[in-house]
1. Please give the charge dipole size of the stretch B:278-342, origin at the Cα centre, charges +1 on K and R Cβ atoms and -1 on D and E Cβ atoms. Round to the nearest 20 debye.
2. I'd like the Karplus ³J(HN,Hα) series for the stretch B:304-318: coefficients 6.51, -1.76, 1.60, θ = phi - 60°, whole numbers in Hz, and an x wherever there's a Gly or Pro.
3. Mind jotting down a quarter of the surface of the convex hull over the alpha carbons of the stretch A:18-149, in square nanometres, one decimal?
4. Report, as an integer, the average count of C-beta atoms from other chains found within 10 Å of each Cβ along B:179-190.
5. State the antiparallel share, in %, of DSSP beta bridges confined to the protein assembly as shown, rounding to the nearest 5.
6. If I take R0 = 35 Å and measure r between the Cβ atoms of B:SER145 and B:ARG28 in this structure, what FRET efficiency does the formula 1/(1 + (r/R0)^6) give, to the nearest 0.05?
7. When Cβ neighbours within 10 Å are restricted to other protein chains, what is their mean count per residue of peptide A:253-266?
8. If the cut-off is 21 Å between C-alpha atoms, which lysines fall inside it for A:LYS104, apart from same-chain ones fewer than 8 positions away?
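What follows draws every value from the coordinates through simple rules; no lab data is involved. Keep in mind the model is a prediction, meaning the values are calculated, not measured. FYI the Cβ positions are ideal-geometry reconstructions off the backbone, even for glycines, and counts take in every protein chain you see.
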Protein chains: 2
Amino acid sequence: VQLSADGRALRLLDQTRLPIEEVWVELRELEPIAHAIETLTVRGAPAIGCAAAYGLYVLSLAFPDDPEAFQAAFDAAAVRLANTRPTAVNLFVAIEQQRGALAKARAQQPAVDGAGLRQALREEATRHVEDDLRFCLEMGAHGASCLPAGGILTHCNTGALATSGHGTALGVIRSAHASGTELHVFVDETRPLLQGSRLTAWELMHDGIPCSLLCDNMAGALMARGEIQAAIVGADRITANGDAANKIGTYTVAVLCKHHGIPFYVAAPWTTIDMSLASGAAIPIEERKPEEVRRHGGNLRAPADVPVRNPAFDVTPAELITGIITERGVFAPGELAAQAQG
Amino acid sequence: VQLSADGRALRLLDQTRLPIEEVWVELRELEPIAHAIETLTVRGAPAIGCAAAYGLYVLSLAFPDDPEAFQAAFDAAAVRLANTRPTAVNLFVAIEQQRGALAKARAQQPAVDGAGLRQALREEATRHVEDDLRFCLEMGAHGASCLPAGGILTHCNTGALATSGHGTALGVIRSAHASGTELHVFVDETRPLLQGSRLTAWELMHDGIPCSLLCDNMAGALMARGEIQAAIVGADRITANGDAANKIGTYTVAVLCKHHGIPFYVAAPWTTIDMSLASGAAIPIEERKPEEVRRHGGNLRAPADVPVRNPAFDVTPAELITGIITERGVFAPGELAAQAQG
């Protein structure tokens, strides 16, 4: 997630084509940017936030210079982007940060013009993306010691591709590996969209971190054999009580960890914590298209008309979470609310 | 699994091509028959047993007429077929039944010729296949009342395709549906080979039994929402203590059921019970090729050289099993040993 060389387009590595092809796309208009988020050209809660932040700046290059008209154009774009995906809170955080930057510029500079407003959006987007990378590195530093040597299970992709760099859960794995912990990462392929096999395995192979790919239904058997010592995942939204929404299948990993007495960690920047929601029951869960489940590698592998369930996320209750790793430190789920106030 | 119209070939519906194409193959020679078992043209523990029983008869059509030479040819074919797949015990049971039929014919008819030996193998194979169907129907009758109304989760394919008809776990579902229980079947797609999406969903749609297809990592979330009232699966081998080996992912389903207080049933013919093994730790677990996990719908969706784990089965310990449904009745796992002696 970056700006193009001329600074006028949102530049994305198309994650739907990895690891077969490395294709970068440059987007300048609202519908293509919204579509890229909806169709997972860019995905991963922090990366979606970065794309929205840069995206609103790029779109503002075509907004009118008049501040009222600029604001109206901004509001319309913000509504469209907010309607792309419902679960990850980082999208909404990034949009509200840009809204705040705009309001601040208008309040502090009564004579501000379009150029000044665009400058405010660009600075805020850059700050958002730089913060995201810094938070990932700090999560890695705080969380590395949580991971024991041995088999580490992860689900979905939480690496450089899901953030502005380093990663959340995968960043913690990277930091632990860099600090000398002897890890073997077990990568859930993460059906239906295979973020594990396509993206996480690709990142780990690239970094030379030992790993094995497995189908999502295999981790339990490996735990029973004693091959997995800890699990670590990311989050799309964490509520005040410490419940965490993440990619579908995360809850099953957490239940398996509980059954086997294995620690289960969530790594996410503090912006993923939504203190406005009391518990995970209030998190909207995106239901995606049946074709994602009926098809494999693009090919139909089920009756064409079979009914399908396709929730994109599930909620892991706080009691199954050993620790939540943030840039502020590692907390028990029940400590978040006090930490937010302190 | 049947004999061809001329009675000289093993006739199989190629399960690797379903549900896209319905292709029947007719096999007359050892390597093609062994290959069909290895590559899952025919799969499902009881169906593999039926294929081996008919297969040995079909192969015997080319055996020498001299009883000693006939026996030697039989033994060589039996060794090859026994080396196709290690986990399901039904394969070995069927081969031993044929070996027994041959021994009996030779013992009872001192002047028996090749025609007589072939006749013995044909009769034994027919009995094996007819028994299999009858056992399935009896499992359905015994097990139907185990299933409550509501959501029933199943994993892999245990239907008519996996047996000589009706099915084991899917047969119980069929019988419950036929008896008026209002079921909605949740079908795990069952990665990597998609027996759920390709075969079980196809059978349920064909029968008009309400169903929804889901990825293997979704059942936990549906249990948390209260949408699943029971789970039922088949087995490839059950040991004396009641541990059950079945398709990879079954153990995870059992752990999820335990966590949510949901009954977990195993349905299998009595021949699946291997009293020679004390516990599931002794069951050989087949590890299959990495390409099955790296590829989806035939297309590569992971780094071409990523290491892979691909155990084809896992073992569910007796303490996670509510009941084992057989043609002799429904038993707690701990009751099997006494029942075998009684």
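1. Values: 7 positive and 9 negative charges, 59 e Å.
Dipole magnitude for the stretch B:278-342 comes out near 280 debye.
2. 4, 10, 5, x, 9, 10, 9, x, 7, 9, 9, 10, 9, x, 3
3. So the mean shadow area of the Cα hull is 9.9 nm².
4. Values: counts 0, 0, 0, 0, 0, 1, 0, 1, 5, 1, 11, 2.
Partner Cβ neighbours, averaged per residue: 2.
5. Working: 36 of 76 bridges.
Taking every DSSP beta bridge within the protein assembly as shown, about 45 percent pair in antiparallel fashion.
6. Values: r = 44 Å, r/R0 = 1.25.
Computed FRET efficiency for B:SER145 and B:ARG28 comes out at 0.20.
7. Values: counts 3, 2, 9, 6, 0, 2, 8, 1, 0, 0, 0, 0, 0, 0.
Per residue, the number of nearby Cβ atoms from other chains is 2 on average.
8. Partners found: none.
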